[in-house]
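Right, one structure below, let's go through it.
The values are calculated or read from the model by the stated rules, or taken from the named source; none is laboratory data. Computed from a prediction, not measured in an experiment: that's the story for all the values here. Note: ideal-geometry Cβ built from the backbone for every residue, glycine included; neighbour counts use all protein chains shown.
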Amino acid sequence: MRVLVTGSTGFVGRALVPRLSAAGHEVRAVSRADHGDLAQHVDWRPLVAGIDAVVHLAGQAHATSTLPDEHYDRVNHRVTAELAAASHAAEVKRFVFVSSIRAQTGPVAPNVLDEESPATPADAYGRSKLAAEAAIRATGIAHTILRPVLIYGPELKGNLAALRRLAARRMPLPFGAFHNRRSLLSLSGMSSAIELAISSLATKDQTFVIADRAPIELREIIAAFRAGAGRRPGLVPVPLAIMRAALRLVGGREIWERVGGELVVDPAKLIAAGWSPIYDTGTELARLATRE
């Protein structure tokens, strides 16, 4: 199968392209060098010509207050709509869009999320992803939409990178009482889900939330990083009320949500479609710590 992958030099793309090639697919790896600035008009027609499947990874990743809402709408929504329309005109057989769980929720959620949970994005990033999903469906192209949670792998970034740095400090940490759960997703799991979505009839015209099979508690994340370094957890059970007050004093409500909130996703629908999440989150995080 001839597969076009946008965002091929990004975190997911760098793992996905060689995986697809090893599986026998002919991959057209596309990056900014090929299509230019996504904030400007892109002519996708020559890039999708002769392609069987498109995997769309490119876009503005993560939510940040430094970018205007219009930027997210252009790069994540309208670019996706244009690429989907060009792919449909070129008779591409499957359009796989890597959206985000933030198209469905804010940084925390009071209940376990699945595909039937209401989509209530909390920021411009999430709204742009949700709008992109609707635009794909409107073209009529055969598609699969994946909504991953936070993805981990080599070169950790964001909250997980911060937690790994914190775990590396040789002192007790006050997170022993943090039983709040977070769903995470291994990079290999993300890649295998995309590989399935390219051609599986069970994923055609479907939207899936995607995460490792079981969530992990915050205190277990830190313990896993320390275990990978051959150290004991060293976690002190400071009462949550004290920690909440201290964290909000330092960084406001947002930092408390990142550290103390829950976000749990149930990937049962994708598993039923044939996806096999084989990785244990804690074990994989410990392995990442050994690579430091």
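Structure notes:
- Subset of segment 19-35 [hydrophobic (A, V, I, L, M, F, W, C) and outside any helix (DSSP H, G or I)]: A23, V27, A29, V30
- When the residues of segment 194-219 are filtered to those that are touching a Phe, Trp or Tyr at 6+ places or on another chain (Cβ under 9 Å) and assigned to a helix (DSSP H, G or I), the one that is farthest from Y279 (Cα to Cα) is T203.
- Failed criterion for A86 (all others in (1) within 19 Å of the chain's Cα centre (by Cα); (2) at negative phi; (3) of a type in the set (G, A, S) hold): (1)
- Against the conditions (1) surrounded by fewer than 17 Cβ atoms within 10 Å (Cβ to Cβ); (2) under 20 Å from R165 (Cα atoms); (3) of a type in the set (S, T, Y), S200 satisfies every one except (2).
- Here segment 80-129 is the region considered, the condition is being part of a loop (DSSP other than H, G, I, E, B) and among the polar types (S, T, N, Q), and the residue that is surrounded by the fewest Cβ atoms within 10 Å (Cβ to Cβ) is N111.
- When we screen R127, R147 for residues that are on the phi < 0 side of the Ramachandran plot, touching a strand residue (DSSP E or B) at 6+ places or on another chain (Cβ under 6 Å) and of a type in the set (D, E, K, R), the only hit is R147.
- For segment 36-54, residues that are assigned to a loop (DSSP other than H, G, I, E, B) and either of a type outside the set (F, W, Y) or farther than 19 Å from A142 by Cβ (or both) total 12.
- Leading residue by the ranking (modelled with the highest pLDDT) among those in segment 241-292 that are of a type in the set (V, I, T) and more than 16 Å from the chain's Cα centre (by Cα): I271
- Criterion: modelled with pLDDT under 95, within 21 Å of P267 (Cβ to Cβ) and among the charged types (D, E, K, R) - qualifying residue of R169, R219, R213, R165: R213
- Residues in segment 173-207 that are within 18 Å of the chain's Cα centre (by Cα) and basic (K, R) were compared, and the one that is nearest to G7 (Cα to Cα) is R182.
- Taken over segment 21-51, the criterion of being closer than 22 Å to E91 by Cα, surrounded by 18 or more Cβ atoms within 10 Å (Cβ to Cβ) and of a type outside the set (K, R) is satisfied by H25, V27, A29, V30, H35, V42, W44, L47, V48, I51.
- Some residue of segment 215-223 being of a type in the set (G, A, S) and in contact (Cβ under 8 Å) with a residue 60 or more places away in the chain: no
- Matching residues in segment 74-101 - criterion: being at pLDDT 95 or above, closer than 22 Å to G158 by Cα and not polar (S, T, N, Q): V98, I101
- Selection from segment 115-130 of residues that are touching a helix residue (DSSP H, G or I) at 6+ places or on another chain (Cβ under 6 Å) and of a type in the set (G, A, S): A119, A124, G126, S128
- When residues in segment 117-161 are screened for being among the acidic types (D, E) and at pLDDT below 95, 2 of them pass.
- One residue stands out in segment 1-18 among those that are part of a helix (DSSP H, G or I) and in contact with a helix residue (DSSP H, G or I) (Cβ under 8 Å, 6 or more places away or on another chain): the one that is nearest to A49 (Cα to Cα), namely L16.
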